[in-house]
Each structure stands twice: as C-alpha cells, then as structure tokens.
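Student: Once you've had a glance at the structure underneath, I'll fire off some questions.
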Amino acid sequence: RDADPEASEQLEAHALHSAYHDPALHPYRERRLQELSDRRGVSEVAYRMRLAELAVRSLARADSAQATIALAERALAGGVLLSSAIESHATATLALAYAGQPRAARVHFHDASDHARRRGQVALLALELGLQGETHRLEGDVIAVETAVRTAMELMPGAGIGPPFMAAALLDSLLAQDELAAAESELRRAGLTGELSMGIPTSSSLFARGR
C-alpha cells in the first residue's frame, strides 16, 4: 500500500464507487466517505472520483441542491473524470442532473458521447446517449427521450433493452404520449412482465402494466 500511494487511492476510489451498488457495503462506504470527505490526496483522479461519490451521497441525503451541484461541478471540472474514470463521470453528471441541472448535465453527457464515438466504444456511446435521454426526461421533453433512448437501444450489444433506467425512461415517454400498445410491447421485450428485481426502477413499469 505504501509503495504506490496514488494507485492505492485509486483502488479505494473504485471500491467506494462499487460499494454503492451493494447495500451490504453501504456502512463501509459511508464511514470511509465521512473519514476522507473532500480532502485532496496524492491522486487527482481518486480525488475527483470521491467528489462524485460525495455528490451522490449529498443527493441521497437530500442536502441542498446547491451543495450537491457544487460537489458534482468540482468532480467534473477540467475533464479529469472524462478521460480517466468514465463511470465516475456518469455518476457526478447524474447527480448534477437530479439536483436540478439537467441541461448542464446533458452537455457533459454529450462530451462523453463524443469521447466514446472517437474511440469506437459502441456500448459506452449507447449508455451515454441513454443518459442524455434521462436528462430530457427530467425536463419533460418526451419526444427527445424516446429518440435518444431508442437510438441508444439500437446501439446496445445483444437484443436487450439496455440498463433499467433506459426501460424506465422509454416507458415514461411512451405513456406520456398515450402510446399504450408500444409501452406494453417494450415491457415484454425488456422482460418486465413478471416479478421486478430490485435493480429495476419500478414506478414506470408498474404504471405501464396498470394502464
């Protein structure tokens, strides 16, 4: 650990990011974020990754929008995450969007899309386009949501609908347009007609079933 403190900080930053997705690790994640806070260490990348996690934590705790936005903007400044930790770039950008800045977030997702396109990273490009669709959803632009998400789905490897948020955003868009048959078709295609897993945003799926 002491031989390469920069690598050690980056490994821990990745661990904190991954811990968000495992409820059993949330106490560890909370404790370490509390201990480390926004203190800058040896690794600039690890520091920005931790700021992204702090932005998500701020959002989850219902801190003021200004506090969440400030953390997200610090994480995203200068493009460090865009070039070195794209998963944390998405995390910080989503926090920015959900804190009330979807248009600003969409600029960052657009940059990430360009980044993926230049490198021929098709799956990443699809993900970033889907995330742009989510920012349109937050602004209530249902046509732009459907366009972005369907484009993302076409680029997704395999036949699946993509990450759960894509299904939720598309269902929201179709229901808002009163496209009930299309929403039901997407439910079947995504395999969301049975019991929903904890990873699926359930409100849109359940509402589509009820309609």
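The values are calculated or read from the model by the stated rules, or taken from the named source; none is laboratory data. Owing to the predicted nature of the structure, the values given are computational and were not obtained by experimental measurement. Heads up, the Cβs are rebuilt from the backbone with ideal geometry, glycines too, and the neighbour counts pull from every protein chain shown. The protein model used for the area step is the full one, side chains on, heavy atoms only, and it has no ligands, DNA or RNA in it. Shrake-Rupley method; radii C 1.70, N 1.55, O 1.52, S 1.80 Å.
Student: Of all the residues that make up region 74-101, how many are in a helix (DSSP H, G or I) and either among the hydrophobic types (A, V, I, L, M, F, W, C) or within 12 Å of the chain's Cα centre (by Cα) (or both)?
Tutor: Adding up the residues that qualify gives 19.
Student: When you go through Ser84, Ser88 one by one, which is the residue that is among the small types (Gly, Ala, Ser), closer than 20 Å to Arg119 by Cβ and open to solvent by less than 10 Å² (accessible area, probe 1.4 Å)?
Tutor: None of the other options fit; the residue is Ser88.
Student: Would you be able to say whether some residue in region 9-18 is under 17 Å from Leu131 (Cβ atoms) and either open to solvent by less than 50 Å² (accessible area, probe 1.4 Å) or not in a helix (DSSP H, G or I) (or both)?
Tutor: Scanning region 9-18 turns up at least one residue that is under 17 Å from Leu131 (Cβ atoms) and either open to solvent by less than 50 Å² (accessible area, probe 1.4 Å) or not in a helix (DSSP H, G or I) (or both).
Student: So the check is Cβ under 6 Å with 6+ separation or different chains; which pairs have a first residue in region 101-130 that's without any contact (Cβ under 8 Å) to a residue 40 or more places away in the chain and a second one that's open to solvent by 70 Å² or more (accessible area, probe 1.4 Å)?
Tutor: From region 101-130, the pairs are Pro102/Glu139; Ala123/Pro157; Leu125/Arg117.
Student: Quick one: is Thr93 within 22 Å of Leu54 (Cβ to Cβ) and in contact with a Pro (Cβ under 6 Å, 6 or more places away or on another chain)?
Tutor: Spelling it out, it is not the case that Thr93 is within 22 Å of Leu54 (Cβ to Cβ) and in contact with a Pro (Cβ under 6 Å, 6 or more places away or on another chain).
Student: Of all residues in region 43-73 being over 17 Å from the mean Cα position of the chain (by Cα) and part of a helix (DSSP H, G or I), which is surrounded by the fewest Cβ atoms within 10 Å (Cβ to Cβ)?
Tutor: Only one residue fits best here, namely Gln66.
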